[in-house]
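Quick note: the coordinates plus some simple rules give every number you see, no bench work behind them. The model shown is predicted, which means the values in this text are computed figures rather than measured ones. Counting neighbours? That spans all protein chains shown, and the Cβs are built from the backbone with ideal geometry, glycine included.
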Amino acid sequence: MSSATTNTIKALETFFGGFGLDVYPEENVPNGATVPYITVQLIAPGWRGKMPFFARLWYRDYNYDAIGAKADEIRDAIGECAAVPTGAGAVYIYAEDNFVQFQPYRDDPTLKCAYLSMSLMAHTD
C-alpha cells in the first residue's frame, strides 16, 4: 500500500474517530460490535483527484433523534470543507447536497442507519 493510500485511510479514521463512536471500515465490522458506531468506505483518490465516498451511522433506537443529532454534528464539522492533515499533505472532505439519507430496516425497527454522502480529495504523497 502506498504512503498516499495509508495517509488517506489514517486521515479518514482520524476524522470520523473524533465523534465519540467506534469507527470501522465498511464491510469489516468485527463480530460482537455494538451500536452506535460509524462505518466508513475507505478510498484513496489519486493525487488531487476528487471522488465520492460515504460513511454510515448505526444506532439502535425507536426514533431518529440521536442519529439525526450525530449526523448534524458531522455535517457541522465538515462545514464548507473539512481539511484533515496527513504527514504528507491533507485530505479534504466535502458534504454532498444529499448529505444524510436514512435507510430503513424492516426486520428490526430499532436499528437505524444514516447514509452520509460526501466527496473526498487527497493532496498527499
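Taking amide hydrogens as placed 1.01 Å from N in the peptide plane, the amide H of Asp22 sits under 5 Å from those of Ile38, each at least 5 positions away in sequence or on another chain.
If R0 equals 22 Å, the separation of the Cβ atoms of Thr14 and Ala69 corresponds to a calculated FRET efficiency of about 0.50. What are the aspartates and glutamates whose alpha-carbon lies under 20 Å from the alpha-carbon of Lys10, with same-chain residues fewer than 8 places away excluded? Lys10 reaches Asp22, Glu26, Glu27, Asp125. Charge dipole (Cα centre; +1 on Lys/Arg Cβ, -1 on Asp/Glu Cβ; no other charges) of the range 3-123 amounts to roughly 300 debye. Matching the structure-derived Rg and Dmax of the Cα atoms in Å against the labelled list (i) 14.6, 48; (ii) 27.0, 98; (iii) 14.6, 45 gives the label (iii).
What angle, in degrees between 0 and 90 and rounded to the nearest 10, separates the Cα long axis of helix 65-78 from the longest principal axis of the Cα atoms of the chain? Approximately 10 degrees, to the nearest ten. Relative to the current alpha-carbon distance between Val29 and Arg48, full extension at 0.36 nm per residue lengthens the span by 3.9 nm.
From its DSSP helices (H runs of at least four residues, each -39,500 (n - 2.57)), the chain gives a residue-normalised ellipticity at 222 nm of -7500 deg cm²/dmol.
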